[in-house]
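Read the structure below first, then the notes.
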Amino acid sequence: MGVDIGGLVAIILFYLVILIIGIWAAWKNKSKPSHGELLRNEVIMIGRRDIGLTLGIFTMTATWVGGAYINGTAEGVYAVGLGFIWTQAPIGYAVSLIFGGLFFAKTMRLRRYVTMLDPFQETYGGKIGSLMFIPAVMGELFWTAAVLTALGSSLSVIFEINVHLAIVISTVVAVCYTLIGGLYSVAYTDMAQLFCIFVGLYVSLPFAVLNPAVTNIAITSTEYVYREPWLGSVSPESAWIWIDNYFLMTLGGIPWQAYFQRVLSTSTASRAQLISFVAAFSTLILAVPSVIIGAIGASTDWNQTSYGLPDPMDRNETQMILPIILRYLCPNYIAFFGLGAVSAAVMSSADSSILSASSMFTRNIYHGVLRREATDNELVWIMRAAIILFGSLAAAMTWLSTSVYGLWYLSSDLIFVLLFPQLVSVLYIKGTNAYGCIISYFFGLFLRVGGGEPYLRIHPFICYAGCHLDITFPTGPIYIQTFPFKTISMFTSLMTNVLVSYLTKFLFDRGMFPQKLDILKGFVSQPKKEKTNKITSQTSGNTDAVEQISSDKEDMDPLNTTSQNKEPVVE
């Protein structure tokens with residue numbers, strides 16, 4: 001098959017439309033009057049905290065429902081050894097949005113933070129708090145790489161162009177409109193992209209299901225026809241891995257800057273919670289077509305199609321199963337429409353993650369640690385440079401793995417083990433200090449890295465119970481852990497933080513350690529944390545009351561860059 005000129009022109013026009021929407025969003029919101037509450041660099045990160053309900057729901061949903069979500073879910077259902085029951089991310093991330101709305105969104109929004117890392121630097125100081133940037137930015141980069149891999153796969157199937165060339169082109173488009181309008185451009189393009197992915201998948205689905213080469217997916221869910229049943233199963237020896245992965249997806253899906261960027265950009269705390277709950281429901285709806293498409297892949301006699309034999313599994317093209325099905329099981333005009341829509345839509349996660357990584361670097365590393373005297377104009381330019389840098393890094397990381405689903409799992413690993421217990425500690429456990437933070441951080445890292453990582457070919461140096469050599473692993477023999485070591489590593493990190501913090505406080509309070517040994521200043525910033533908690537508890541549920549506290553808010557802002565004007569509430 002050669003390059004289809006009509007389809008190529010259509011996708012170029014589609015990309016131009018997305019770029020124009022991003023430019024329009026930047027122009028529309030640039031003309032808004034400034035209320036003096038946020039600096040220019042902060043407006044790029046979270047807007048003017050005036051994201052309405054409808055826009056908030058669309059951008060929150062689109063952030064999760066991107067290339068990794070759509071292509072990865074189809075790949076998981078299709079792949080031998082996985083199946084639907086092992087495709088855990090859609091349900092796991094939907095539940096994470098519910099938990100995030102219940103326990104984290106309101107607290108973070110009431111305290112009026114700008115990034116997810118602000119509470120860490122507020123409590124532990126700039127340098128210790130900046131340690132959290134490492135797992136946070138790694139998670140965003142892995143996530144973006146998964147999205148771009150899916151996007152490149154889709155475009156390469158449509159036009160038979162090089163996958164990496166497609167990734168570069170798509171990255172350039174996403175970076176361009178993110179540079180122009182920041183959060184506003186990302187949010188408004190999310191609306192268009194989410195509409196496209198919904199229409200593109202649901203319009204294409206009936207044609208794929210009714211193709212003569214496809215056996216009834218209800219039959220192949222439990223019976224062997226062309227291959228193992230796509231429903232999948234959980235054996236007793238793998239049950240702990242299954243449970244471990246669900247904890248990873250559910251709790252590891254919360255401490256993401258991409259999530260909190262939307263939470264912190266809303267006009268009220270209650271609205272931040274509401275968009276989390278609605279987005280959880282929306283992500284499940286948008287996972288349904290991908291699940292069915294993955295099942296179709298396992299139910300297709302590929303010898304009856306122009307794709308032919310060997311099938312995608314034997315050709316090691318499982319990560320491309322969604323675009324392959326749309327291309328070879330649907331009419332051309334439907335295939336180009338569906339694939340073009342998906343290709344444009346999956347950028348909705350890439351731009352969010354690139355903006356998130358750039359926001360944390362600019363505010364919490366460059367301004368918070370390296371140059372506290374930096375001007376607003378300087379930070380704007382650093383932000384723009386960071387967007388280009390992280391976009392380039394994410395594109396380069398797509399060379400590390402051929403599995404979208406593998407990158408998808410990896411994107412939550414470090415965040416789950418290192419960042420989630422620290423976020424719980426800093427927001428809800430009184431008395432944690434810098435000593436507990438840093439010791440638990442590196443101990444959790446040791447336990448997680450010690451368990452190895454098959455997708456990166458990292459062999460474990462800690463063999464937990466049930467560790468064994470798997471010679472059937474797709475990338476070659478590797479030691480596999482059957483013990484839920486990720487969840488145990490996370491819980492151990494949390495407990496270590498609490499125990500070390502209380503122990504050091506006891507030793508310093510009793511005079512067993514002199515104050516001059518407090519080299520991390522673990523107790524200097526503690527009163528500020530208690531003050532913050534007191535303010536939040538007194539004003540919980542009343543956003544307007546929080547907005548009236550000007551002198552206390554000055555202490556709560558770790559970078560001290562936010563003025564105290566009341567926020568505009570835009571319905």
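Every number in this text was worked out from the coordinates using simple rules, so none of it is lab data. This structure is a prediction, so every number in the text was calculated from the model and none was measured. In this analysis, Cβ positions are derived from the backbone assuming ideal geometry, glycine residues included, and neighbour counts consider all displayed protein chains.
Some observations on this one:
- Counted charge near TYR464, where neighbours are those whose Cβ lies closer than 13 Å (Asp, Glu -1; Lys, Arg +1): +1
- Count of lysine pairs in the stretch 429-532 with Cα separation under 13 Å (8 or more residues apart, or interchain): 5
- Tensor-based shape of the stretch 429-532 (alpha-carbon gyration tensor, a/c under 1.5 rounded, otherwise prolate or oblate): prolate
- Here the label points at MET512 and ILE429, each 7 Å from Cα along the C-beta direction, are separated by 1.9 nm in the simple model.
- Per-peptide average of other Cβ atoms within 10 Å, ordering 466-473, 357-364, 194-201 highest first: 357-364, 194-201, 466-473
- A crude spin-label estimate for the pair ILE471 and ALA218, with each label 7 Å from Cα along the Cβ direction, gives 4.2 nm.
- Under the Debye formula (equal points on every Cα, no solvent term), log10 I(q)/I(0) of the stretch 265-320 at q = 0.18, 0.19, 0.28 Å⁻¹: -0.70, -0.74, -1.07
- Residues listed by number, the stretch 97-120, amide nitrogen under 19 Å from LEU284 label point at 7 Å toward C-beta: 97-103
- ASP470 long-range amide H proximity, modeled H, under 5 Å: ILE478, TYR479, ILE480
- Ordering of 203-212, 482-491, 378-387 by burial proxy (mean other Cβ atoms within 10 Å per residue, highest first): 482-491, 378-387, 203-212
- The stretch between PHE483 and ASP301 holds 61.8 nm of extra length on full extension. This uses 0.36 nm per residue minus the Cα-Cα distance.
- Each label was represented as a point 7 Å from its Cα along the Cα-to-Cβ direction; for ASN316 and TRP27 these points are 4.8 nm apart.
- Chain lengthening between LEU165 and ILE134 when straightened (0.36 nm per residue, less Cα-Cα): 8.3 nm
- Whole-Hz ³J(HN,Hα) from phi, Karplus 6.51 cos²θ - 1.76 cosθ + 1.60, for the stretch 417-423, glycine and proline x: 6, 9, 8, 4, x, 5, 5
- By average C-beta atoms within 10 angstrom, highest first, the peptides 139-150, 216-227, 168-179: 139-150, 168-179, 216-227
- Rounded if a/c under 1.5, otherwise prolate or oblate - the stretch 190-253, Cα gyration tensor axes: oblate
- Extension gain for the segment TYR502 to ILE20, taken as residue separation times 0.36 nm less the Cα-Cα distance, is 168.1 nm to one decimal.
- Amide H partners (placed H, <5 Å) of ILE458, local residues excluded: GLU453
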